[in-house]
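For reference, the structure discussed in these notes is given below.
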Amino acid sequence: LLSSSAHYGGEAGGAPQSDARIYRLALTGGPCGGKSSALARINQRLTSLGFDVYCVPEAATIFGTAGLNWGAITPEEAWVAQKELFRTQMRLEDSFVNISRLNEKKSTVLLCDRGLMDGSAYMPQGKFEEMVNKVGEDVGDIKYGRYDAVIHMVTAAIGAEKYYTLENNEARHESREQAGQLDRRLRDAYVGVNSHFIIPNREEWSFDDKVNSAVDRVCQIVGVPVQGIRKYFSLKSVPERLPIPEQQFVVDYTYLQSRVLLMFFGLSSSSPLSLSLSL
């Protein structure tokens, strides 16, 4: 079974699906991309809509918090550590899937802090697939069949360089250049995945706009209304330029009047009776 999604009979308990379903979504991206903020806001939004939501923790963070210093271990130790990290991440995800299956009346969303393919961005080419095979898994199954969608939060080091910082995460040590390179490798790790969505840094966006874009994307994936935001301004006069990005355009509406000719043929008459209607 390649798909992580499961359907069960019963009402959705406030979630919009007619059948309860388990969604497994992976959030990834380079450092300082807004992943943690997006996870928190997605959790809040989906919970308010009636979903059960589980945030699956990042195994690498668990290992680091426990005292593992990746920079101080040998390549042989790193190989074993990566293999155990992979197993731990997989087991964490599968555990929450099993827990979610207990509830057949409510849809569940698993928000995975990074996906299993992330490991390939931290290992030499070919070594990741070798490691996955060693633990009895297949890279194709993991990459293409494990997650319903992958959301990539682009690092601030690409497109929002002045906001890139190491201060809000003790585990973060990458320079801006290193962060950009890592972000690209993480993006490449999921190339070809059908539901792979990139949340970029746009000049006209605030950080909240970026996070809300990720929230809206997830809402679309699980089939709930997107929370749009409209802003209205009362103008005393029309300025030559507005203080916000704007576009001016003209909309033409064309109304067509149709005349439908209905022909009624009398049974006792050789000449038809015609009735013209205007619509």
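Residues that are open to solvent by less than 20 Å² (accessible area, probe 1.4 Å) and at pLDDT below 95 within the stretch 35-54 comprise just one, Gly50. Need the failing condition index for Ser120 against (1) over 20 Å from Arg45 (Cβ atoms); (2) open to solvent by 40 Å² or more (accessible area, probe 1.4 Å), just the number. Result: Ser120 passes all but (2). The residues in the stretch 142-168 that are over 30 Å from Thr74 (Cα atoms) and either of a type in the set (Gly, Ala, Ser) or part of a helix (DSSP H, G or I) (or both) can be counted, and the count is 9. Taking residues in the stretch 62-84 that are touching a residue at least 24 places away in the same chain (Cβ under 8 Å) and aromatic (Phe, Trp, Tyr), and partners anywhere that are outside any helix (DSSP H, G or I) and surrounded by 14 or more Cβ atoms within 10 Å (Cβ to Cβ), the pairs with Cβ atoms closer than 9 Å and at least 6 places apart or on different chains are Trp79/Met123.
Considering only residues of the stretch 176-222 that are surrounded by 12 or more Cβ atoms within 10 Å (Cβ to Cβ) and of a type in the set (Ser, Thr, Tyr), which is nearest to Gly71 (Cα to Cα)? Filtering first and then ranking leaves Tyr190.
The values are calculated or read from the model by the stated rules, or taken from the named source; none is laboratory data. None of these values were measured; they are calculated from a predicted model. Cβ coordinates were reconstructed from backbone atoms using ideal geometry, including for glycine residues, and neighbour counts include every protein chain displayed. In case anyone asks, the SASA skips ligands and DNA or RNA and just uses the protein heavy atoms, side chains included. Shrake-Rupley method; radii C 1.70, N 1.55, O 1.52, S 1.80 Å.
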